[in-house]
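Enquirer: Pasting a structure below so you can have a look.
The values are calculated or read from the model by the stated rules, or taken from the named source; none is laboratory data. Bear in mind that the values here come from a model prediction, so they are computed numbers and not experimental data. In this analysis, Cβ positions are derived from the backbone assuming ideal geometry, glycine residues included, and neighbour counts consider all displayed protein chains. Areas reflect the complete protein model, heavy atoms only, side chains present, ligands, DNA and RNA absent. Shrake-Rupley method; radii C 1.70, N 1.55, O 1.52, S 1.80 Å.
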Amino acid sequence: MRLLVVEDEPDLLVLMGRALERGGFVVDIASDLAQAAEFLAVAHYDLLILDLNLPDGDGLSLLRQLRARGSQLPVLVLTARDAVEDRVTGLDTGADDYLVKPFHIPELIARIRALLRRPDAALGITLSLGNLVLDTTSRQVSVNAAAVAMSVREVALLELLMRRQGAVVPRDLLEQGLYSFEAELGSNAMEVLVHRVRRKLTDAAATTCIHTVRGVGYLLAEVA
Ligand code: CA
């Protein structure tokens, strides 16, 4: 799951960025509206975290533009304390939820997960296929109820494939979901990652496997 955070307070950004990455999210950070618009034009995001008071304008203007062109992107608005009007306007403009500053990071993460669980956004909390189960909240992968140790990015890959199980997931969609703009992506990074996950699944005797569809992407399916 890839998130865009639009926020201009450096301390808060560092805190949020770290916590979100630990939570298994891929995070891009934009510090003003112009940069946010650039990112939104080229990357696919699963959720937008939007501060309202930004150096080059009001975050609501960005939200208005998104909704005007029919975007269903879940949006969590960050507002200053006591700015009740901001909240009302934010929800009227099409925000899905809001959080009042200062907030606790665990609450932010909980709100994000709740938004990603809503219909039209993402599906349930626990994903499964065959004897493979992924708890998207605890980020725990298990096969036949036995935990399989995986890195944050390995779990993220598996989540993307499990959410689209039985369908070929295009390689560029996976790359977008797994690596932020800041990440330095080697030319065979995806192959190496898939290889590692495949081996862990095999070692754990999973009844699912990742097929390579040459020139297109990857497919997670049950072993026949
Ligand atoms: Ca601000």
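Enquirer: Expressed as a whole percentage, what fraction of the accessible surface of the range 2-116 belongs to carbon and sulfur atoms when a 1.4 Å probe is rolled over the protein heavy atoms?
Expert: 51
Enquirer: In the range 126-222, what percent of the accessible surface is made up of carbon and sulfur (1.4 Å probe, ligands and nucleic acids excluded)?
Expert: 52
Enquirer: Shifting gears a bit: Please grab the % of Cα pairs in the range 126-222 that end up more than 15 Å from each other.
Expert: Summing the P(r) tail past 15 Å for the range 126-222 gives 57 percent.
Enquirer: Here's a follow-up. Binning every alpha carbon pair distance of the range 2-116 at 5 Å from zero, what are the percents per bin?
Expert: Cα pair-distance distribution for the range 2-116, in percent: 2, 12, 25, 28, 22, 10, 1.
Enquirer: Averaged per residue, what accessible surface does the chain expose to a 1.4 Å probe, in Å²?
Expert: With all protein chains present, the chain gives 49 Å² per residue.
Enquirer: Can you pull the one-decimal nm distance between simple spin-label points at residue 199 and residue 110, each 7 Å off the Cα toward Cβ?
Expert: In this crude label model, residue 199 to residue 110 measures out at 4.0 nm.
Enquirer: Here's something else I'd like to know. Given a Förster radius of 41 Å and the C-beta distance between residue 19 and residue 56 as r, what FRET efficiency does 1/(1 + (r/R0)^6) yield to the nearest 0.05?
Expert: 0.95
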